[in-house]
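The structure's right below; bear with me while I get my questions together.
The values are calculated or read from the model by the stated rules, or taken from the named source; none is laboratory data. What you are looking at is a predicted structure, and each value in this text was computed from that prediction instead of being measured. Heads up, the Cβs are rebuilt from the backbone with ideal geometry, glycines too, and the neighbour counts pull from every protein chain shown. Heads up: the accessible areas ignore ligands, DNA and RNA and are worked out on the full protein's heavy atoms, side chains in. Shrake-Rupley method; radii C 1.70, N 1.55, O 1.52, S 1.80 Å.
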Amino acid sequence: MKKILLIVLFSFGFSWVSKAQIVLKTDFTDATNAKQIMPYHLNVYNRITPINGVNPTNNKNAKFCIVRPLGGIAKKGVADISKDSYKWDAKSKKFYTDFSLLKKQLDGILSKGQAIHQIVLDNPSWAFQRNSKGKLVGDSLKVATYGNAEPPRDYKAWGNYLKKVMQFLVTTYGEDKIQNIQFNIGREIGTPTHWSGTKEQFFKFYKTSVNAIHTIFPKAKVGTHFLWGSSKKAWGTDFVKWAKTNKAHYDFVGVSYYPFYQQASRTNFNQVYAKDFAVIKDIPEWNPKAKLEMHEYSLIKKLSKAGNAFEKAPDAHQNSFMLGLMKMFYQNNMQNVFQWGNGSSYAPASKLLLAMQGNTYFKSTKQGKSKTAANYIDAIFAKDTLKNQYNILVYNYSSNPKAVNKETLKISATLNVAPKTKLKYRVATYNKKENKVSWSKWKETITKGDSKNKSTLVFNKDLAVFSFLKYEVDISFKTK
């Protein structure tokens with residue numbers, strides 16, 4: 001009889017959301033669940049030696065990280081000495097500085113009213129492969145993939161050079177502007193094509209650099225950048241311990257993160273945080289005043305043999321993954337994703353995240369198992385105090401790039417309103433084919449519960465893989 005009834009119901013077009021596989025919930029009435037005020041972490045963009053200015057972005061609050069601004073650059077496998085800010089004069093047999101190209105890079109950003117988040121003090125000029133007498137070691141320039149990856153032959157000369165760099169910046173742009181820019185010593189250290197020296201040599205290089213910078217400008221924000229914690233050459237943990245022992249100053253540590261979109265170990269955010277970031281940030285030696293940033297990121301489909309170029313994952317994967325990445329940031333107090341390009345592939349997700357800037361992030365729980373082990377589903381729960389609104393951003397990512405299934409969800413939020421209170425809500429849904437978000441009209445719903453001053457709002461939803469949705473609940477509109 002039941003079987004016949006089911007056949008009849010479906011033949012007339014009836015359907016329903018089956019019992020939830022996964023329950024996502026938070027209690028907005030519990031103050032202990034309220035965590036950080038949510039910043040927007042997608043304002044910083046990497047640019048390599050931007051001598052001709054920077055490409056525009058759609059982000060009016062864009063800040064830029066200038067990579068390789070000092071020289072040490074290779075062009076078609078040959079050292080390009082013309083870009084160096086530290087040079088050797090064969091006639092006078094003396095070293096000298098030339099900051100004209102460095103100034104051009106900074107002016108190309110600042111003159112447009114845009115901001116510089118970070119200047120990377122990487123790739124020492126080719127002159128630093130010479131010794132203090134100007135002799136070129138081995139009578140050749142050692143060119144790595146990105147240019148000069150060699151440690152300076154003379155650390156004292158490097159320190160004196162950085163003092164001149166800082167003095168030029170302070171004199172040219174003023175202390176107020178320079179104190180808003182952070183200085184990164186090295187780039188993705190642990191990669192031989194960025195740093196060919198040993199770990200111990202780099203630590204010496206770092207201490208020489210930070211001391212030189214602070215000699216001229218003690219208020220300068222300084223840090224460095226390593227590979228992710230599970231990398232074969234992950235020096236971040238050792239750096240934090242070394243800095244504690246040797247009283248070396250740092251205001252931030254940057255970490256790279258290039259996950260392959262089809263690898264479960266690289267896309268499960270709980271595992272990723274534990275293996276790649278917690279081993280640096282959540283150890284006793286970590287400076288609690290410092291911040292952990294993601295200085296290079298992209299969700300990768302394919303990587304070149306040389307390891308210096310990649311093909312990005314499709315837009316739908318990019319969007320759903322970015323939401324999971326940001327939950328990891330809010331959950332663990334990480335800051336700033338330094339982006340390549342303009343971030344257009346995950347613009348729909350970014351726009352929803354930007355709208356939640358200034359919200360209070362609430363801790364939430366997840367119960368149940370996904371239908372497919374490769375699926376990773378979760379939600380960002382937040383309260384917008386100014387608008388008297390609750391925001392719930394739900395996403396579904398899978399490490400199987402060809403997955404097409406759906407997950408059945410129950411989304412639950414406990415609010416400070418009496419049971420049977422009518423509230424307004426609307427839903428933003430993601431269209432994979434068009435890579436855009438569309439909003440529903442405002443609807444009414446009713447809260448449930450038996451407590452006097454609080455009740456629960458529940459949404460049941462099937463959510464497709466590589467997709468996301470956002471609920472906005474307006475609590476200012478409420479009637480009994």
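Do any strands (runs of 3 or more DSSP E) entirely within the stretch 376-480 hold 1 or more residues that are open to solvent by less than 10 Å² (accessible area, probe 1.4 Å), and if so, which? Working first, answer last.
Working: elements: 389-398, 406-415, 422-431, 436-439, 443-446, 455-464, 467-479.
The strands (runs of 3 or more DSSP E) meeting that bar are 389-398, 406-415, 422-431, 455-464, 467-479.
Considering each residue of the stretch 27-72, count those that are surrounded by 19 or more Cβ atoms within 10 Å (Cβ to Cβ) and under 30 Å from Asn416 (Cβ atoms), and give that number.
Going through the stretch 27-72 one residue at a time, the tally reaches 4.
Can you tell me how many residues within the stretch 343-362 are assigned to a helix (DSSP H, G or I), in contact with a Leu (Cβ under 9 Å, 6 or more places away or on another chain) and farther than 19 Å from Leu299 by Cα?
Here the count works out to 2.
Return yes or no: is Val417 in contact (Cβ under 8 Å) with a residue 60 or more places away in the chain, over 25 Å from Gln271 (Cα atoms), out of contact with any Phe, Trp or Tyr (no Cβ under 7 Å at 6 or more places or on another chain) and of a type outside the set (Gly, Ala, Ser)?
Taking the combined requirement at face value, the residue satisfies it.
Considering only the stretch 104-127, I want to know if a residue exists there that is of a type outside the set (A, V, I, L, M), surrounded by fewer than 22 Cβ atoms within 10 Å (Cβ to Cβ) and more than 24 Å from Asn46 (Cα to Cα).
From the stretch 104-127, those of a type outside the set (A, V, I, L, M) are 104-105, 107-108, 111-114, 117-118, 122-126; that's our starting set.
Right, trim to surrounded by fewer than 22 Cβ atoms within 10 Å (Cβ to Cβ) and you get 104, 107-108, 111-114, 117.
So of that shortlist, the ones also more than 24 Å from Asn46 (Cα to Cα) come out as none.
No, that holds for no residue.
Within the stretch 193-201, identify whether any single residue is of a type in the set (Gly, Ala, Ser), closer than 23 Å to Gln167 by Cβ and more than 19 Å from the chain's Cα centre (by Cα), and answer yes or no.
Taking every residue of the stretch 193-201 in turn, none turns out to be of a type in the set (Gly, Ala, Ser), closer than 23 Å to Gln167 by Cβ and more than 19 Å from the chain's Cα centre (by Cα).
Condition first: more than 18 Å from Met322 (Cβ to Cβ) and of a type in the set (Phe, Trp, Tyr). Now tell me which residues in the stretch 427-480 satisfy that. I'd like the intermediate steps shown before the answer.
As a first pass, look at the stretch 427-480 and keep what is more than 18 Å from Met322 (Cβ to Cβ): 427, 433, 438-462, 471-480.
Trp439, Trp442, Phe459, Tyr471, Phe477, listed by residue number.
OK, next. Pairs, please: C-beta under 6 Å, at least 6 apart or cross-chain, first residue more than 30 Å from Gln318 (Cβ to Cβ) and in the stretch 436-451, second of a type in the set (S, T, N, Q) and not in a strand (DSSP E or B)?
Going by the 6 Å Cβ cut-off, the qualifying pairs are Thr447/Thr421.
When you go through Phe205, Phe217, Phe252 one by one, which is the residue that is aromatic (Phe, Trp, Tyr) and either under 21 Å from the mean Cα position of the chain (by Cα) or under 30 Å from Gln318 (Cβ atoms) (or both)?
Details: Phe205 fails: either under 21 Å from the mean Cα position of the chain (by Cα) or under 30 Å from Gln318 (Cβ atoms) (or both); Phe217 fails: either under 21 Å from the mean Cα position of the chain (by Cα) or under 30 Å from Gln318 (Cβ atoms) (or both).
Among Phe205, Phe217, Phe252, only Phe252 is aromatic (Phe, Trp, Tyr) and either under 21 Å from the mean Cα position of the chain (by Cα) or under 30 Å from Gln318 (Cβ atoms) (or both).
Taking the condition open to solvent by less than 40 Å² (accessible area, probe 1.4 Å) and touching a helix residue (DSSP H, G or I) at 6+ places or on another chain (Cβ under 6 Å), does Leu325 pass? First the steps, then the outcome.
Details: open to solvent by less than 40 Å² (accessible area, probe 1.4 Å): yes; touching a helix residue (DSSP H, G or I) at 6+ places or on another chain (Cβ under 6 Å): no.
It is false that Leu325 is open to solvent by less than 40 Å² (accessible area, probe 1.4 Å) and touching a helix residue (DSSP H, G or I) at 6+ places or on another chain (Cβ under 6 Å).
Return the only residue of Lys351, Lys369 being surrounded by fewer than 21 Cβ atoms within 10 Å (Cβ to Cβ) and closer than 30 Å to Arg47 by Cβ.
Selected residue: Lys351, the only one of Lys351, Lys369 that is surrounded by fewer than 21 Cβ atoms within 10 Å (Cβ to Cβ) and closer than 30 Å to Arg47 by Cβ.
Among what's in the stretch 331-342 and is open to solvent by less than 10 Å² (accessible area, probe 1.4 Å) and not aliphatic (A, V, I, L, M), pick the residue that is modelled with the lowest pLDDT.
Among those that are open to solvent by less than 10 Å² (accessible area, probe 1.4 Å) and not aliphatic (A, V, I, L, M), it is Gln339.
Same structure, new question: When you check Ser304 against the structure, is it buried (at least 16 other Cβ atoms within 10 Å of the Cβ), among the polar types (S, T, N, Q) and within 21 Å of Asn46 (Cβ to Cβ), yes or no?
no
Which ones in the stretch 128-171 are more than 18 Å from Pro218 (Cβ to Cβ), of a type in the set (Phe, Trp, Tyr) and touching a Phe, Trp or Tyr at 6+ places or on another chain (Cβ under 9 Å)?
Within the stretch 128-171, Phe128, Tyr155, Trp158, Tyr161 meet the criteria.
With the structure loaded, tell me whether Lys363 is surrounded by fewer than 23 Cβ atoms within 10 Å (Cβ to Cβ), of a type in the set (Lys, Arg) and at pLDDT 95 or above or whether it fails that test.
Against the criterion (surrounded by fewer than 23 Cβ atoms within 10 Å (Cβ to Cβ), of a type in the set (Lys, Arg) and at pLDDT 95 or above), Lys363 qualifies.
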